[in-house]
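Undergrad: Have a look at the structure that comes next, please.
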There are 4 protein chains.
Amino acid sequence: MAKYKYAVGVWAYGSVSDRFCEQGYQQSRTFREKLKAASESKGIKGVEIHFNGDFDESSVDETKQMIDEFGLEIAAINCEIFGNRKFRKGALSANDLVIREDAMEIIRGAARAARQLGVEVVNIWPGADGHDYPFQVNFIDLWNHLISSVKSVVEEFPNQKFAIEYKGREPRGRSAISTVGTSLMMLQEIGADNFGVTIDFGHALQVKENPAESAVLLNRYGKLFHVHMNDNTRDWDDDFMVGSYHVWETLEFFYYLKKIGYQGWISLDITPAREDQIGVVEHSIEVMEQMGRFVDEMDDAFMEKLLAEQDALAVQKHLFQGIFAATVRG
Amino acid sequence: MAKYKYAVGVWAYGSVSDRFCEQGYQQSRTFREKLKAASESKGIKGVEIHFNGDFDESSVDETKQMIDEFGLEIAAINCEIFGNRKFRKGALSANDLVIREDAMEIIRGAARAARQLGVEVVNIWPGADGHDYPFQVNFIDLWNHLISSVKSVVEEFPNQKFAIEYKGREPRGRSAISTVGTSLMMLQEIGADNFGVTIDFGHALQVKENPAESAVLLNRYGKLFHVHMNDNTRDWDDDFMVGSYHVWETLEFFYYLKKIGYQGWISLDITPAREDQIGVVEHSIEVMEQMGRFVDEMDDAFMEKLLAEQDALAVQKHLFQGIFAATVRG
Amino acid sequence: MAKYKYAVGVWAYGSVSDRFCEQGYQQSRTFREKLKAASESKGIKGVEIHFNGDFDESSVDETKQMIDEFGLEIAAINCEIFGNRKFRKGALSANDLVIREDAMEIIRGAARAARQLGVEVVNIWPGADGHDYPFQVNFIDLWNHLISSVKSVVEEFPNQKFAIEYKGREPRGRSAISTVGTSLMMLQEIGADNFGVTIDFGHALQVKENPAESAVLLNRYGKLFHVHMNDNTRDWDDDFMVGSYHVWETLEFFYYLKKIGYQGWISLDITPAREDQIGVVEHSIEVMEQMGRFVDEMDDAFMEKLLAEQDALAVQKHLFQGIFAATVRG
Amino acid sequence: MAKYKYAVGVWAYGSVSDRFCEQGYQQSRTFREKLKAASESKGIKGVEIHFNGDFDESSVDETKQMIDEFGLEIAAINCEIFGNRKFRKGALSANDLVIREDAMEIIRGAARAARQLGVEVVNIWPGADGHDYPFQVNFIDLWNHLISSVKSVVEEFPNQKFAIEYKGREPRGRSAISTVGTSLMMLQEIGADNFGVTIDFGHALQVKENPAESAVLLNRYGKLFHVHMNDNTRDWDDDFMVGSYHVWETLEFFYYLKKIGYQGWISLDITPAREDQIGVVEHSIEVMEQMGRFVDEMDDAFMEKLLAEQDALAVQKHLFQGIFAATVRG
């Protein structure tokens, strides 16, 4: 039976600003208060934090203390290589070597911190790397820079796992590493055992993927290193609570996580703007637990048969009977 | 308690062709065989049929006989004003008065047939009216023609209800009457009591509407005349089985149908290409019945309170507890 | 020959933040510095400013002085009814009457300031009014509140023009007034001569409209009160520079502005994040000037004939011959 | 200076049907008549034809004769592995080995015909391979089958080039090989020198790619084997005429084709439904020629500098000055 360890990106407890509400829709919390909120969220075992944001080289020990104090683990360390104005035209893919080195140095810092803190995965989301306008960038150079920057840091720390997190767009109009396919293309070129992918459920939705299929493709090459959960409208990376839009796709995703034997963390990448933040975290975990149990209780042989026949009708009947019919007595 | 009468567009039992498979993915059926299939579909009380397609002026009596023989009612008569090559650059909005008159004459024929057959709603889906390219049409003339054509036929039959069915696109790259808003704008200009709207659940999704909200807007002006149900990927009018993609949006739609006291038909506009067609019809009805019952059993006062507070978290908890939690015992 | 007066929303000269870069991608400017930047932008005659943001009741005179000092006019006064945390679940549509009144009072303040400053249009963009999740709001109440709030303020100032600015989404997952059609539906219900619509080119693109068609629909009812220009990817309201994505749609839009005899301001609603802001403003105006001249030089009778025939091929040939062929000598 | 050889898929001269107009919007033509139409289209040197559709094993010689008679070349042979009802749940990825073998045998037939006819590229568009519903297919098996089927035929004909053509959707709700990234992922796994990719400009747009970037990625691995040109609304694979929607993206695409030294065919994959078909083909070639010349006349060093700086403003100014400003004299 699948037993996942749930984590949350601490930004779930932040002030949640956007370009129209710079103060944020929520009260702001210090890093310590965010960790406290995570520790108070039922079901949460770990957190994701940003190197060069939540903490840096100088506060590794202090961070370790707080994490321990709150009884948490670190599910992944993220690299803040997107929020500084100097990265506005690219970080790992910037034309300027100095800027690329700045970005790489942040990842190196994250890797060193991961070693100190015993964290398995350093997560790299290259948000600044892409373009806004047609005819704006030199795609040949951009991809040369991007791949060689990543390759370089990944090879410097052969004992540290790194995961690239793809996303369709935002903050740039189009991200460079935007799909499960471009991620795997890059991984196959780099060919490093310690380099894999973080699938963000909502990012996959945003680029019209079925996240379950994307997970299968990543697993095909042994590259599903980490999972971010949330939901959205498909128009945008809304980071909404789990299950609020894509019920069947979420259930199918958990079906395949079980099938491929995923063992890592499942981490919430959500930003509740108008709801109780701890409540949304706890509810999202409950939904995932319910879905995990539903999947566990499924008759595998029966489901396999239906899928082999692509019998969408029988599957839908099975899902609705398993759910609504049991609930509603006509 | 809501009690809906379910119908199906008989094209659900057709050969289901597309541009890559002109023969169709299914066996073809004659009109009679389609009616038979509808009569054999559990839960179906009525059908939708096309004037100038399934039948015409010369076969009204014969159609009546078949409908009676199979124990069916006619939920709506549709007007086939899109499939003839002459309508390829518009029917009701065509620049050529002769073509507009041809289209109007088909609607008049449908209205006369509706009178003979005692059918409440004549459904008008102006599929040919729109444009494919930027800078292709004279929008001023197009809208003048479109609105005056519709106004004219609607006023000729003051005792016959007509409903316009909006859709974002297909077969044209962009339809003229594409949203709930443009439909209501046109209705308010025409100002005829016998003229309303058919909401097609999937068409609303295609143009990024929440169908529940669209139904409320139509009801605000007493204009929700007819309902088409299906589901899709939002990218395209896939006409998939009910509940297969948008579970919450479908449930919310039924919540509001109840709330506004909708009394008309609920008609399936689906085209199962690779599944048993009768099976898909029956399953879609079962899903709608389950959702209808779920909505009936909801604690209205409680839900009203949550919605008044826009408490998305509490609503999601309520939905998941009502559904998954009752099913899955951890 | 069309002669437009160009304006710019002063936020074009702001720090341009987003959720990943709260400091903003640009240097920040004070209100006065923004006005100065506008005055230094070649081609700019007017500005758009926010009541309850850039200025308020207490600083009307001071604002007047600065505007005069920089030789500018005010193209429209916008109402800042979206950025305060209290509006996070709606402003004009909020369930709480106190909050609705707060929002209405801001619009009233804008209207009084407009009277003092001699500004023709008060622009209302109800960004906070909508929903994020399926099954989150009471659509019946939401629309009742929204329409009656707007109706109320519009009727209080019969000599002041107000314009509603529709938008598909952001900051809410789905806006209430999202399309040209819902705008017109609301306008027809309210039925006030002093109430019209601001079309934002990019907002129209976002909801799959062809902005030229939307302008024609607004003009059909005499309701095209104001124009916002920009461009985007259609996925999101990017507020990019004019002409950078939708060349033909922009040209067609100016063709119809001329055809319907639009006389108001054309105002840039752009937020250059990584480019010289004054440069982007000036370039956008130059593009609009070029398009305006191109449209002026078109053979109207010839174009009318092509559009009447929906001869997309001949139109495309005409456009490419008029543009590329003249430039490139093969 | 870039000199492309232009071809056209002969379906551009077909009846162009869709699900609402099975008779088609155009007169139908026999295969011979289509070839004749291609030969009469100014600028066309080659055609794309379908094995198992336009011709088969028994008519290779006859096809050769007609091609020669009309003075054409064959730019690519396509494999008709999607239009037969038996392929409705997959061809190369079908669970049933017999069906997979049927599909593979069609590709083998195309390869043998290519050898006889001296055609460089066999194009494989696996339209039937994908899924319609969430939770419908076994993704693990689907990808195993799909990749091993392709690998098998590609390895059987080491001297024949094959190209996979990715597409987001249609006829299935979601295609398996849907992006440039999944294509390259598969190619890297298979690792055959004779196996590359056909980029279809519109397919890339449909999945939110910038086609220029996709071409660069394909070229990075030496895998840009073939090019299909058209345009669309991004919502759907409309197969519209070149340049009718995405002017800058098309120009940028030709900029990069030149930069990477693409030497193959450029083939029109268009389906004019309401326009003169030969006219649309000729216009599309003229647009590509104009863009090719524009790109040739660009100051490469200057453009390189702007792109290196991601100076979107300067690039846009350059494009508009090069085009509109030269045309329109204010």
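The values are calculated or read from the model by the stated rules, or taken from the named source; none is laboratory data. Note that this is a predicted model, so its numbers are computed, not measured. Here the Cβ positions follow ideal geometry from the backbone for every residue, glycine too, while neighbour counts run over all protein chains shown. SASA here: full protein model, heavy atoms, side chains in, ligands and nucleic acids out. Shrake-Rupley method; radii C 1.70, N 1.55, O 1.52, S 1.80 Å.
Undergrad: Pick from B:W236, B:W265: which is modelled with pLDDT of 95 or more, hydrophobic (A, V, I, L, M, F, W, C) and touching a strand residue (DSSP E or B) at 6+ places or on another chain (Cβ under 7 Å)? Spell out how you get there, then give the answer.
TA: Details: B:W236 fails: touching a strand residue (DSSP E or B) at 6+ places or on another chain (Cβ under 7 Å).
Criteria check complete, one pass: B:W265.
Undergrad: C:H50 versus (1) open to solvent by less than 10 Å² (accessible area, probe 1.4 Å); (2) within 26 Å of C:D102 (Cα to Cα); (3) free of Cβ contacts under 8 Å to residues at least 60 places away in the same chain: which is the lone unmet condition?
TA: (1)
Undergrad: Additional query: Identify all residues within region B:303-318 that are more than 7 Å from every other protein chain (Cβ to nearest Cβ) and either open to solvent by less than 20 Å² (accessible area, probe 1.4 Å) or at pLDDT below 95 (or both); write none if there are none.
TA: B:M303, B:L306, B:H318
Residue-wise test of (1) more than 25 Å from B:F320 (Cα to Cα); (2) more than 18 Å from the chain's Cα centre (by Cα); (3) within 14 Å of chain C (Cβ to nearest Cβ).
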position: B:E249; (1), (2), (3): no, no, yes
position: B:F253; (1), (2), (3): no, no, yes
position: B:I270; (1), (2), (3): yes, no, no
position: B:V281; (1), (2), (3): yes, no, no
position: B:S284; (1), (2), (3): no, no, no
position: B:V287; (1), (2), (3): no, no, no
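Undergrad: Step by step: first the residues of region B:11-54, then only those that are closer than 24 Å to D:K86 by Cα and within 18 Å of the chain's Cα centre (by Cα), then the one that is farthest from the other protein chains (Cβ to nearest Cβ). Which residue is that?
TA: B:Y13
Undergrad: Only helices (runs of 4 or more DSSP H) wholly contained in region B:7-121 count here; list those with 2 or more residues that are among the acidic types (D, E) and over 20 Å from B:E155 (Cα atoms).
TA: The qualifying helices (runs of 4 or more DSSP H) are B:31-40, B:60-69.
Undergrad: Looking only at region B:259-283, count how many residues are open to solvent by 10 Å² or more (accessible area, probe 1.4 Å) and of a type in the set (S, T, Y).
TA: Count: 2.
Undergrad: Hey, could you check region D:207-242 for residues that are more than 8 Å from chain A (Cβ to nearest Cβ) and β-branched (V, I, T) and say which is farthest from the chain's Cα centre (by Cα)?
TA: So the residue we want is D:T233.
Undergrad: Which residues, taken from region C:7-23, are at pLDDT 95 or above and open to solvent by less than 10 Å² (accessible area, probe 1.4 Å)?
TA: Hits for region C:7-23 are C:A7, C:V8, C:G9, C:V10, C:A12, C:Y13, C:G14.
Undergrad: Can you name the condition, by its number, that A:L97 falls short on among (1) over 21 Å from C:Q23 (Cβ atoms); (2) open to solvent by less than 60 Å² (accessible area, probe 1.4 Å); (3) among the hydrophobic types (A, V, I, L, M, F, W, C)?
TA: (2)
Undergrad: Does C:L313 satisfy the condition of being closer than 17 Å to C:V216 by Cβ and out of contact with any strand residue (DSSP E or B) (no Cβ under 9 Å at 6 or more places or on another chain)?
TA: no
Undergrad: Just one of (1) more than 11 Å from chain D (Cβ to nearest Cβ); (2) of a type outside the set (F, W, Y); (3) on the phi > 0 side of the Ramachandran plot trips up A:Q321, so point out which.
TA: Only one criterion is unmet by A:Q321, namely (3).
Undergrad: Would you confirm whether or not region C:238-258 contains a residue that is aromatic (F, W, Y), outside the structural domain of C:D18 (by TED's automatic domain parsing) and surrounded by 23 or more Cβ atoms within 10 Å (Cβ to Cβ)?
TA: Filtering region C:238-258 for residues aromatic (F, W, Y) gives C:240, C:245, C:248, C:253-256.
From what's left, outside the structural domain of C:D18 (by TED's automatic domain parsing): none.
Taking every residue of region C:238-258 in turn, none turns out to be aromatic (F, W, Y), outside the structural domain of C:D18 (by TED's automatic domain parsing) and surrounded by 23 or more Cβ atoms within 10 Å (Cβ to Cβ).
Undergrad: Considering only region B:285-293, I want to know if a residue exists there that is open to solvent by 20 Å² or more (accessible area, probe 1.4 Å), farther than 25 Å from B:E120 by Cα and basic (K, R).
TA: yes
Undergrad: Also: Being of a type in the set (D, E, K, R), touching a residue at least 12 places away in the same chain (Cβ under 8 Å), within 26 Å of D:K161 (Cβ to Cβ) and open to solvent by 40 Å² or more (accessible area, probe 1.4 Å) narrows it down to one residue among D:K42, D:K64, D:K3, D:K89; which is it?
TA: It is D:K64.
Undergrad: Quick one: which helices (runs of 4 or more DSSP H) lie wholly within region D:131-233 and hold at least 1 residues that are open to solvent by 10 Å² or more (accessible area, probe 1.4 Å) and out of contact with any Asp or Glu (no Cβ under 8 Å at 6 or more places or on another chain)?
TA: D:139-156, D:180-190, D:211-220
Undergrad: Which ones in region D:100-130 are open to solvent by 10 Å² or more (accessible area, probe 1.4 Å) and of a type in the set (D, E, K, R)?
TA: Correct list: D:R100, D:E101, D:D102, D:E105, D:R108, D:R112, D:R115, D:E120.
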